[in-house]
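The values are calculated or read from the model by the stated rules, or taken from the named source; none is laboratory data. Everything numeric here is computed off the predicted structure, so don't read it as measured data. Methodologically, a virtual Cβ is constructed for each residue, glycine included, from the backbone with ideal geometry; neighbour enumeration extends over all protein chains shown. Side chains are part of the model used for accessible areas, which takes the heavy atoms of the whole protein and leaves out ligands, DNA and RNA. Shrake-Rupley method; radii C 1.70, N 1.55, O 1.52, S 1.80 Å.
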Amino acid sequence: MATLKSTITALQVAGSNTAITRQLLDELRKSQRPFAPRVRAAILNTPAYGRKHTGLRVRIAKCVQTWAEIKGATVSAGVEVDASRMPSGQKALPLYLNGTKAPWRHPFFGDRTRWYSQASHPYFARAVALYGPASENAVRRAADQITATFDRLAG
């Protein structure tokens, strides 16, 4: 069974093989696909009270993205809420909703004379916890496939 580190080392020894690198990136991206819908659903299912809603949860859910990259010997893949995609003045709100930044106070429906302390609703860790082992297995399978391809090309 190949490890990701041995696969990367083999690629470095052989020189840059863009087809194999592309295959590894494709497999890494595939391994991350289940994460985004799960995180989006967790965001959209956080409690909202009252009759009027601002669409904040929808805006945050639209910022969820997955990624994969190879830089030298470092291989990375993940899922994130890209707060830079939030409207100006709202870039910290994904962190507040998740409870990463606290406390969260804001004007009550825009009324600056009434301030409201908003409860956080951690959504991220629970949404991705179940997929950790599955993602690790997918990366391992990708490393095995690439090592087999490398062996065929080398031998």
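Give me the lysines in straight-line cross-link reach of LYS91: C-alpha distance below 23 Å, same-chain residues under 8 apart excluded.
In chain and number order, the partners are LYS52, LYS62, LYS101.
Would you compute, from DSSP H runs of 4+ residues alone, the mean residue ellipticity of the chain at 222 nm, taking -39500 (n - 2.57) per run and dividing by the full residue count, rounded to the nearest 500?
Here the helix-only value at 222 nm equals -15000 deg cm²/dmol.
Given +1 on the Cβ of Lys and Arg, -1 on the Cβ of Asp and Glu, and no further charges, what dipole in debye does the chain carry about its Cα centre, rounded to the nearest 20?
Value, rounded to 20: 840 debye.
log10 I(q)/I(0), Debye, Cα-only the chain, no solvent, q = 0.16, 0.20 Å⁻¹?
-0.88, -1.16
Accessible area per residue, 1.4 Å probe, Å², for the chain: what's the number?
Accessible area per residue, the chain: 62 Å².
Highest GNM mean-square fluctuation, the chain, Cα pairs closer than 10 Å: which of LEU130, LEU28, LEU95?
LEU130
Quick check: convex hull over the Cα atoms of segment 102-155, volume per residue in Å³, rounded to an integer?
So the per-residue hull volume is 123 Å³.
First select every other residue whose beta carbon is under 15 angstrom from the beta carbon of ALA119; then total the charges, Lys and Arg +1, Asp and Glu -1.
So the environment of ALA119 carries a net charge of +3.
Carbon and sulfur: what percent of the chain's accessible surface (1.4 Å probe)?
Ligands and nucleic acids excluded, carbon and sulfur reach 55 percent.
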